[in-house]
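S.K.: This is the structure, below, for whatever I ask next.
Any read-out appearing in this document is the output of simple, stated calculations on the displayed coordinates, not a laboratory observation. Computed from a predicted structure; not experimentally measured. Glycine also receives a Cβ, built like all others from the backbone with ideal geometry; neighbour counts cover every protein chain displayed.
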Amino acid sequence: MFVDKVTVAIQAGNGGDGAVSFRHEKYVDKGGPDGGDGGRGGHVILQADENINTLVNFRYKQELKAEDGQRGGKRRMHGRNGADFIIKVPVGTVAMKEGTLVADMLHHGDKIVIAKGGDGGFGNAHFKSSTRQAPRVAELGEQGDAFELVLELRLLADVGLVGFPNAGKSTFLSVVSNAKPEIADYPFTTLTPNLGVADVNNTSLLIADIPGLIEGASEGKGLGDAFLRHVERTAVLLHLIDVYEEDVVTAYKTITNELAAHSDTLATRPRIVALTKIEGLDDELINDQKQKLVSIVPEGTEVVAISSAARTGILELLRKTASLVKAVREAEAAVTEEEDEGIPVIGLTTDQHADAWKVYHEDGR
């Protein structure tokens, strides 16, 4: 079962309580306090794992809790720290807390502490003073973080296939890759995202096929736009349009509008438009449909015609797609490199300067 969004209850471990204890030694009538500190509660840690591809396990285990720290002991014995709880999620998972992004797991092995365990309380040994020789007080352990966390899986692919149901997306994916999506002559054949790898120009393209969109998908019609999160990270969109559409311009605009309603970034994502199912049609009809699209797509957007069944135009399309993906990735890398070159500066306000610690040399300077 493919599950790409879940809500789970997160509970970091509570800190252990400090102990109240006194030394008991031979010939020592009243020993001093020796209560140990409580152990720290376990953290909850998110870890990306490339061997996992769905969030289905969290449908049946929605409460995730780290171990509590142990109570302090006598003879200043420190309580044992609680064991951390590691949540393994697919690469590409994002974590949201109260609508705010708290983690984006982009690489295998990525780890982040999303809930901190509570500190252990001080034992009574900490509270001895000149006026209190036998304190009978100790601290309680702190509570660990607790909240609801939303986990969303967003597939990491180079190319995202978009279009109406039955536009030929699944057939295209099955032809260019080793993916075996369900293919049939009825709407919404694809019910979950499919991934395939296409090899072209000595490189590999990871292609994501999502369920078809219809007008009003952003409002929940059809299968809705729930799966659009899986093409948010793609470098390029491949918009497939059935050549038999009565109005290819409306078909193009409808999908473009749904993308824009979901995300501003998707609306401007570089793309290639492909007319599909051209087998058996004369060139004049194909070119007529093609020119209608050329007249409305953004400047520089390629419009091609293909037949997955006859393998017509497939290699040309893959080459154009690979070239565009390369250009987009290089541009992204250049921006990232430019951002990384900046040195972060931490500034203080006037009030913060007044409250800050001042450091002096021994001679007073």
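S.K.: Please list the three semi-axes, largest first and in whole Å, of the ellipsoid equivalent to region 247-299, using sqrt of 5 times the eigenvalues of its alpha carbon gyration tensor.
M.R.: Listed largest to smallest, the semi-axes of region 247-299 are 25, 10, 10 Å.
S.K.: Within 10 Å of each candidate Cβ there may be at most 10 other Cβ atoms; applying that plus a DSSP loop requirement, which trypsin sites (Lys or Arg not before Pro) in region 1-107 survive?
M.R.: Here the sparse-neighbourhood loop sites are Lys26, Lys30, Lys61.
S.K.: Related question: Quick check on region 5-153: of the DSSP beta bridges with both residues there, what percent are antiparallel, nearest 5%?
M.R.: Antiparallel: roughly 70 percent of the beta bridges in region 5-153.
S.K.: In region 38-139, what chymotrypsin sites (Phe, Trp or Tyr not before Pro) fall in a loop by DSSP, with at most 15 other Cβ atoms inside 10 Å?
M.R.: The qualifying sites are Tyr60.
S.K.: Can you sort Ser204, Ser174, Ser295, Ser130 so the residue with the fewest Cβ neighbours within 10 Å comes first?
M.R.: In increasing order of surrounding Cβ atoms, one gets Ser130, Ser295, Ser204, Ser174.
S.K.: While we're here: Hey, which of these cross-link pairs are over 27 Å Cα-Cα: Lys5/Lys253; Lys26/Lys74; Lys88/Lys320; Lys5/Lys326; Lys61/Lys169?
M.R.: The pairs that break the limit, which is 27 Å between Cα atoms, are Lys5/Lys253; Lys88/Lys320; Lys5/Lys326; Lys61/Lys169.
S.K.: Stretch His108-Val137 to full length: gain in nm at 0.36 nm per residue minus the Cα-Cα span?
M.R.: 5.7 nm
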